Structure formats: C-alpha cells, structure tokens
Amino acid sequence: MAAASSGSPRWEFDLIVIGSGIAGISAAISAAEAGLSVAIISKEASVFEANTWYAQGGIVGESDDDSPELLEADIYHAGAEINNREAVRLLVQEGPPLVSAFLAEKIGVPFSRTGTGEIDLTREAAHSVRRIYHVTDRTGQAIQTALVDYLKGVKSIRVFEDHTAVDLITNAHHSRDSQELYRPTRVLGAYILDGRRAAVSAFLAPAVILSTGGVGNLFLHTSNPAGATGDGIAMARRAGAEVINAEYVQFHPTVFYHRDVKRFLITESLRGEGARLMNRRGEYFMKKYNPKELDLAPRDEVSRAVYREMEEEDSDFVYLDARGIKNLALDERFPGIFEQCKAAGIDIRSEPIPVIPAAHFFCGGIKVDLNGMSSLPGLYAVGEAACTGVHGANRLASISLLEGLYWGVRAGGDAARRAQKLPRSLLDSIPDWIEPTAVEEFDPVLVNQDFRTIQSTMWNYAGIIRSRSRLLRAQADLNYLSHRIEQFYKGARLTRRIVELRDGVLTASIIVDAALANPASRGCHYIE
Ligand code: SIN
C-alpha cells in the first residue's frame with residue numbers, strides 16, 4: 001500500500017489514477033480488485049465533481065431491438081466513417097453488457113424503469129433505435145454517486161482531493177541518473193500539488209492512468225464544468241506521448257442561454273422525445289438543413305445549423321421548443337432541466353427554451369491502444385482525455401460514458417496484469433519537486449484575463465465554423481500567450497489556476513495546430 005516518508009512527502013502506489021469520473025473510478029476499482037494499491041487524484045474539492053456528474057442523457061446499454069451491428073453502423077455514421085474499427089467492434093460487443101453487469105448489478109446504478117419494471121430506453125440524435133439507459137435527466141449524478149459509494153468500500157484505493165497534477169514524471173526528464181536518458185522513456189508517476197498545503201509532492205508508480213476529461217472550458221461557451229481544461233492532454237504531450245484527432249471538438253447544439261445564468265446542458269434526449277429547434281421568427285429550421293433526420297441529425301450538423309440561424313438573425317440564441325411533447329410529463333422525465341429553467345424564469349411546458357451551441361466533447365486525445373495504453377510505456381489514458389478512435393470525427397450521443405466505463409475497466413485490468421515493481425534505485429533517483437528560487441505571488445487578474453483570452457480565441461477562431469485565416473490568427477495569438485504563461489509559471493508560486501492556464505494554452509495550441517494541418521471538413525471539424 002502507499003508509503004509516505006517524512007519531510008516532503010513522497011508517495012508510492014502500484015497505480016496512480018488522475019481524474020475521478022466514470023473512466024478513472026472504473027479503472028481504479030478494477031485494478032484494486034485485482035490486487036493493486038491505487039491513488040485517485042482529483043483537483044476538485046470533492047471527488048464527486050467530474051464531467052461525469054454533468055451527463056444528463058444517458059449511456060448506451062443492452063436492448064432487445066438493438067444489435068452490435070446496428071450500433072456499429074450508427075457510430076460510423078456519426079463519426080464520418082473514420083473511426084477505429086477494431087475499437088468500435090470491441091465496444092459494441094462488450095460495452096453494453098458491461099453496463100448491465102458492472103454499473104447496474106455490481107455498482108447499483110438505479111436506472112429509470114417503465115411502469116412494468118423494464119429499463120426505460122430513451123433516444124438521442126443519430127441513434128436508429130431506443131437504446132439509451134438513463135436516470136431521469138440526472139444520469140451522470142446517479143452514476144458518479146454510485147461509483148463513489150462503491151469505491152469507499154475498496155480498502156486499497158486512497159483518494160486525494162484538492163490535488164492537482166502538475167507534470168508526469170519520466171526517467172528521461174527527471175531522473176538524476178544520467179544513464180536514464182539513454183534508456184527507453186517511461187512514466188514513473190507525477191508531481192502533484194496539494195492545494196491545502198500549497199506544496200508539490202512526487203507520487204511514484206509503475207503505471208499512471210490519465211482520466212482528466214476534456215477541453216470544453218478552453219472555449220467561451222461550454223456545457224462542461226470549469227475543470228475541463230485539457231490538463232491530461234498537455235501533460236501527456238510534454239512527457240512525449242502522441243496526441244491525435246485534436247481537430248475534432250464536438251459542439252453540443254443545445255446549451256441553455258441566459259445573460260445572467262451559468263450555461264447548462266439541455267439534453268438531446270429532449271429532442272429524442274420530440275422537442276424541436278426554432279428560430280426567433282418561430283420557424284422550425286432543421287428541415288432546411290437535414291430534411292430526413294431533422295432535429296435528430298448528427299450533432300455537428302445541428303450545431304452548424306443553429307450557428308447559421310443565429311448569424312442570419314444576428315441573434316445570440318435560438319429556441320428549443322418542448323411544448324409539443326404531450327406523451328410524458330416534462331417535470332418528471334426531465335426534472336433537472338425543468339428546475340434549472342424554472343429558476344431562470346422559464347416554464348418549459350409552456351415556453352420555448354433559449355439555447356446556443358457550446359463546446360461539449362473532445363473526440364481526439366492521447367492516442368491509446370485497445371487496452372488504453374499510450375505511446376509512452378507506463379502511461380494509460382481513458383475517457384475523454386484518451387483517443388481510442390471510437391468516435392472518429394464526431395461522437396454519437398451517449399457513447400462517452402460507455403467508452404469511459406469500458407476502457408476504464410479494461411485499462412485497470414491491464415495495469416494489474418502487467419504489475420511490476422520499479423527498481424528502488426530508479427525511484428530514489430527521482431528528485432523532490434524544486435521550487436523556483438524567487439517565487440512571486442500570482443496576480444489573479446492577469447491569470448483570469450489570460451484564461452479569457454484563450455477562451456475567446458478558441459471560440460471565435462477555432463470554433464464551430466473555422467477558416468484557415470482564423471486558425472492562423474489563433475495560432476499566432478496562442479504562441480505569444482504561451483511564451484508569457486511559461487515565464488509566469490516558472491516564477492510563480494504554483495496554484496491550480498496557474499497549472500490549468502499552462503495546460504490550457506498548450507492544449508488549445510494542439511487543437512489549433514491539428515485543425516490547421518487538416519484542410520478536410522469532416523464531422524465536427526468544419527473549415528470553410
Ligand atoms: C446529452 O444528453 O445531450 C448529452 C449526451 C452526450 O453527450 O452523450
């Protein structure tokens with residue numbers, strides 16, 4: 001199990017999991033139950049806070065009308081056929097049964113049921129059948145709560161809250177033994193900032209799993225929580241791991257819009273149940289853009305349609321009209337949305353909901369193999385931080401929780417199978433974190449402004465509709481900013497915010513560089 005030394009604490013585990021959403025916790029549980037000692041690192045004050053918490057719509061599960069072939073075809077259709085076929089095949093065959101066996105039976109997620117006791121299946125865009133398990137519109141909360149409850153009973157998992165990963169530790173970058181530079185590079189742990197003590201410690205392990213979530217908060221408008229700043233992607237890149245498909249950032253077409261209210265997701269399953277997009281002139285406009293699939297066309301198409309309508313009307317939003325849904329009680333089926341809209345003064349039963357598209361999901365990420373292993377030995381990535389290739393150029397709705405679950409369990413199991421002890425001499429050759437000699441207290445105004453600059457640069461120049469000239473402008477602006485931020489990082493007393501800023505500007509640059517390198521519009525990368 002973990003061992004702390006005196007002085008500056010150093011920790012040793014068999015596995016370090018950075019991030020505490022469905023992918024990270026599933027990985028930790030499966031590794032711990034196979035015998036490993038595991039640390040879960042969360043930068044949040046509470047391990048409950050993760051992207052998973054905010055998922056509304058649901059997770060694809062088993063259903064009688066479905067088949068692996070049908071699901072596979074829908075995933076390819078949404079992903080513009082550039083998906084990793086091997087990964088998709090594994091997921092469609094083994095993923096839905098895992099929802100029943102792991103989430104429903106083992107962990108005890110209380111999926112919504114019909115009056116006759118069957119799982120209540122819902123539908124979202126680009127799905128050819130009803131196959132989505134949900135817990136009203138609070139699926140993520142229910143899954144996260146059940147996972148955290150379960151992990152409290154697993155003794156060999158230790159959770160570190162308010163701990164922000166600063167950088168991965170590798171032999172080549174960090175060992176004091178000069179010979180390590182000539183050996184194959186491998187990950188040996190991470191330097192981690194304890195927010196309560198304001199001190200950085202070395203956490204050492206033969207395997208690290210990054211499950212740090214996505215990049216939504218690098219854009220001005222997002223459905224994601226504040227912590228989605230691309231940390232894992234930046235850390236992996238600095239350590240030398242490959243990152244792929246970074247141009248594919250998915251925008252969700254319907255996020256609540258109100259000048260004075262924080263954005264929140266309006267689940268696609270509301271459209272699955274019959275809600276329709278309407279412009280401010282009262283026209284249901286999706287028939288102009290996709291007369292066949294209408295409001296349930298793939299997300300990238302719907303997001304662009306909303307964006308164009310907003311441009312045409314010179315408006316800040318369009319509407320989602322749920323007034324036509326008569327076969328279910330909106331306040332019972334969608335209690336979260338109902339209550340949040342009501343608090344903002346809108347009764348969704350009788351008034352249309354103002355919505356905008358917003359950054360939602362990163363389809364690219366750290367390149368991993370079928371076990372979730374990155375190109376760097378010792379480093380795995382799972383969930384949104386990883387790119388298994390399942391999503392291709394655009395993700396099918398309600399596949400992300402499934403992907404996180406499936407590769408979480410798989411990567412945790414693989415780490416346990418490959419468990420090894422690192423040589424003591426190698427561990428001892430890793431130095432403690434070195435503070436800069438003259439530390440400055442950071443000025444929050446500068447940090448916040450730099451963050452806003454990243455968000456508006458990404459939204460305006462690398463958002464839903466891109467062009468080469470906009471991307472070139474973004475690249476130049478981010479280059480300038482990253483130089484300034486790096487200087488700042490080197491001299492400042494570290495805080496979570498500074499770490500996120502440094503990671504955010506690097507991940508934003510990775511996205512922009514990938515978008516510039518790919519002139520072909522496909523899926524959610526659309527370049528004019
Ligand atoms: C939604 O509920 O609309 C989001 C589901 C997803 O992104 O998979």
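The values are calculated or read from the model by the stated rules, or taken from the named source; none is laboratory data. Small disclaimer: the values here were computed from a predicted structure and weren't measured. Heads up, the Cβs are rebuilt from the backbone with ideal geometry, glycines too, and the neighbour counts pull from every protein chain shown. All accessible areas refer to the heavy atoms of the entire protein, side chains included, with ligands and DNA or RNA removed. Shrake-Rupley method; radii C 1.70, N 1.55, O 1.52, S 1.80 Å.
Considering only residues that are more than 15 Å from ASP74 (Cβ to Cβ) and among the aliphatic types (A, V, I, L, M), which ones fall in the range 104-128? Outline the logic, then answer.
From the range 104-128, those more than 15 Å from ASP74 (Cβ to Cβ) are 104-120; that's our starting set.
Within the range 104-128, ALA104, ILE107, VAL109, ILE119 meet the criteria.
Suppose we keep only residues that are of a type in the set (Gly, Ala, Ser) and open to solvent by 40 Å² or more (accessible area, probe 1.4 Å) within the range 151-181. Which one would you say is nearest to SER42 (Cα to Cα)? Even if it seems obvious, please write down each step before you answer.
To start, the set of residues in the range 151-181 that are of a type in the set (Gly, Ala, Ser) comprises 153, 156, 165, 172, 175, 178.
Filter again for open to solvent by 40 Å² or more (accessible area, probe 1.4 Å), leaving 153, 178.
Working: GLY153: 18, SER178: 32 Å.
Per the stated criteria, the residue is GLY153.
Suppose we filter ASP503, ASP513, ASP432 for residues that are in a loop (DSSP other than H, G, I, E, B) and either touching a strand residue (DSSP E or B) at 6+ places or on another chain (Cβ under 9 Å) or modelled with pLDDT of 95 or more (or both); which single one remains?
Numbers: ASP503 fails: in a loop (DSSP other than H, G, I, E, B); ASP513 fails: in a loop (DSSP other than H, G, I, E, B).
None of the others qualify; the one that does is ASP432.
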Q.
If GLU313 satisfies all but one of (1) open to solvent by 20 Å² or more (accessible area, probe 1.4 Å); (2) in contact with a Ser or Thr (Cβ under 6 Å, 6 or more places away or on another chain), what's the number of the condition it fails?
A. (2)
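From the list GLY412, GLY383, GLY389, which residue is at pLDDT 95 or above, on the phi > 0 side of the Ramachandran plot and either within 16 Å of the ligand (Cβ to nearest atom) or in contact with a Ser or Thr (Cβ under 6 Å, 6 or more places away or on another chain) (or both)?
Working: GLY412 fails: on the phi > 0 side of the Ramachandran plot; GLY389 fails: either within 16 Å of the ligand (Cβ to nearest atom) or in contact with a Ser or Thr (Cβ under 6 Å, 6 or more places away or on another chain) (or both).
Result: GLY383 is the single residue among GLY412, GLY383, GLY389 that is at pLDDT 95 or above, on the phi > 0 side of the Ramachandran plot and either within 16 Å of the ligand (Cβ to nearest atom) or in contact with a Ser or Thr (Cβ under 6 Å, 6 or more places away or on another chain) (or both).
When the range 488-528 is examined, which residues are found to be among the hydroxyl-bearing types (Ser, Thr, Tyr) and either in contact with a Lys or Arg (Cβ under 9 Å, 6 or more places away or on another chain) or open to solvent by less than 10 Å² (accessible area, probe 1.4 Å) (or both)?
The initial filter retains those residues of the range 488-528 that are among the hydroxyl-bearing types (Ser, Thr, Tyr), namely 489, 495, 507, 509, 521, 526.
Residues satisfying the conditions are TYR489, THR507, SER521, TYR526.
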Q: Go through (1) at pLDDT 95 or above; (2) open to solvent by 10 Å² or more (accessible area, probe 1.4 Å); (3) within 16 Å of the ligand (Cβ to nearest atom) and name the single condition GLU283 misses.
A: (3)
Q: Kindly check whether there is at least one residue in the range 397-417 that is more than 12 Å from VAL88 (Cα to Cα), open to solvent by less than 10 Å² (accessible area, probe 1.4 Å), outside any helix (DSSP H, G or I) and not hydroxyl-bearing (Ser, Thr, Tyr).
A: yes
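Would you confirm, using the coordinates I've provided, whether SER374 is within 26 Å of HIS525 (Cβ to Cβ), within 16 Å of the ligand (Cβ to nearest atom) and touching a strand residue (DSSP E or B) at 6+ places or on another chain (Cβ under 7 Å)? Please lay out each step first, then the result.
Details: within 26 Å of HIS525 (Cβ to Cβ): yes; within 16 Å of the ligand (Cβ to nearest atom): no; touching a strand residue (DSSP E or B) at 6+ places or on another chain (Cβ under 7 Å): yes.
So SER374 fails the test.
Kindly check whether there is at least one residue in the range 435-443 that is modelled with pLDDT under 95, surrounded by fewer than 16 Cβ atoms within 10 Å (Cβ to Cβ) and not in a loop (DSSP other than H, G, I, E, B). Outline the logic, then answer.
Residues of the range 435-443 modelled with pLDDT under 95: 435-443.
Now restrict to residues that are surrounded by fewer than 16 Cβ atoms within 10 Å (Cβ to Cβ): 435-441, 443.
Filter once more, so that each one left must be not in a loop (DSSP other than H, G, I, E, B): 440.
The answer is yes; a qualifying residue exists.
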Q. Of all the strands (runs of 3 or more DSSP E) wholly in the range 175-276, which have at least 1 residues that are more than 16 Å from the ligand (Cβ to nearest atom) and more than 23 Å from GLN420 (Cβ to Cβ)?
A. 187-194, 199-204
Q: Report yes if some residue within the range 320-338 is more than 16 Å from the ligand (Cβ to nearest atom), open to solvent by less than 30 Å² (accessible area, probe 1.4 Å) and within 30 Å of GLY392 (Cα to Cα); otherwise report no.
A: no
Q.
Between GLY140, GLY153, which is within 16 Å of the ligand (Cβ to nearest atom) and either β-branched (Val, Ile, Thr) or under 25 Å from ASN51 (Cα atoms) (or both)?
A. GLY140
